[in-house]
Amino acid sequence: MEDYYSQISKSYNELHKEEQLKKLAVIKKNIEIKNSDLLLDVGCGTGISSQFNCKVIGIDPSIGLLRLNKKRNKILAKAENLPFKNNAFDIVVSVTALHNFDNIEKALKEIKRVGKNKFVFSVLKKSKRISRIKTQIKKNFKIKKMIEKEEDILFFLRNKNYINNYD
Ligand SMILES: C[S@@+](CC[C@H](N)C(=O)[O-])C[C@H]1O[C@@H](n2cnc3c(N)ncnc32)[C@H](O)[C@@H]1O
């Protein structure tokens, strides 16, 4: 899949920027982010989904998309093997990327491991893997809110086992 995105990397923003920015606006409206938060964007691509008012690290396996990503903190990596310590991030987001992962179950476990207690996934409704994705999300996280936005469902999630789970 990374080869596909590298091939279309030059036209990615032209094709998808507008729709991705709409999803980003819904995410921002529905989560509280502090300037001091550290946020991980899993499958950050060209960086459209990394635009938050806090420190953001993006990971993506597509060299082609990362070359076009002008953000400072980006790492070539896959969701299935995140090069971070446990509980390193206040917030983890992944925008229209989950359906591309090689191993969704492994990736969600990794995301849960590196995140503290706030997770947002925007998932493509028409993906063939949508029911598996929903099952794995429910297995690994507590669903706080779900919003349907055009082609995607946005999941606002909490860690099932987080100790200070007040909100
Ligand atoms: C539709 S693009 C979304 C990019 C970006 N989040 C956005 O909103 O513009 C899907 C992204 O998932 C990335 N991806 C594919 N396989 C992945 C994996 N195993 N782990 C993390 N990201 C992956 C692709 O390289 C691509 O950048």
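FYI, it's all coordinate maths here, none of it is from the lab. All of these numbers come straight from a predicted model, not from anything done at the bench. Cβ atoms come from the backbone with ideal geometry, glycine included; neighbour counts cover every protein chain shown.
Summary of values
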{"item": "17 Å Cα-Cα reach of Lys116 towards aspartates and glutamates, excluding residues that sit fewer than 8 places from it in its own chain", "result": "Glu32, Asp37, Asp41, Asp90, Asp167"}
{"item": "Shape call, region 42-81: gyration tensor on alpha carbons, a/c limit 1.5", "result": "oblate"}
{"item": "Angle between the chain longest axis and helix 104-114 axis [Cα atoms, degrees, rounded to 10]", "result": "60"}
{"item": "Dipole moment magnitude, nearest 20 debye, region 20-134 about Cα centre, only Lys, Arg, Asp, Glu C-beta charged", "result": "280"}
{"item": "Helix 9-30 axis, angle to the chain major axis (alpha carbon atoms, nearest 10°)", "result": "20"}
{"item": "Solution diffusion estimate, µm²/s, Stokes-Einstein, region 1-101, Kirkwood Rh from C-alpha pairs, 37 °C, viscosity 0.692 mPa s", "result": "239"}
{"item": "Rounded to the nearest 20 debye, dipole of region 67-145 from Cβ charges on Lys, Arg, Asp, Glu", "result": "280"}
{"item": "Charge tally in the Cβ shell below 9 Å around Asn87, where Lys, Arg are +1 and Asp, Glu are -1, Asn87 excluded", "result": "+3"}
{"item": "Acute angle (nearest 10 degrees) that the helix 130-140 long axis makes with the longest principal axis of the chain, alpha-carbon atoms", "result": "40"}
{"item": "Relative contact order of region 37-159, pairs being alpha-carbon contacts under 8 Å that are 6 or more residues apart, as %", "result": "21"}
{"item": "Cross-link partners of Lys71 among lysines (Cα-Cα below 16 Å; sequence separation of 8 or more within a chain)", "result": "Lys17, Lys55"}
{"item": "Value of D in µm² per second that Stokes-Einstein yields for region 92-155, Kirkwood Rh from Cα pairs, at 25 °C (0.890 mPa s)", "result": "209"}
{"item": "Cα-derived Rg to Rh of region 37-159, Kirkwood definition", "result": "0.93"}
{"item": "Listed pairs Lys29/Lys145; Lys22/Lys126; Lys78/Lys144; Lys34/Lys125; Lys29/Lys118 exceeding 20 Å between Cα atoms", "result": "Lys78/Lys144; Lys34/Lys125"}
{"item": "Peptide ranges 118-131, 96-109, 23-36 listed from the most packed, as the mean C-beta count within 10 angstrom indicates", "result": "96-109, 118-131, 23-36"}
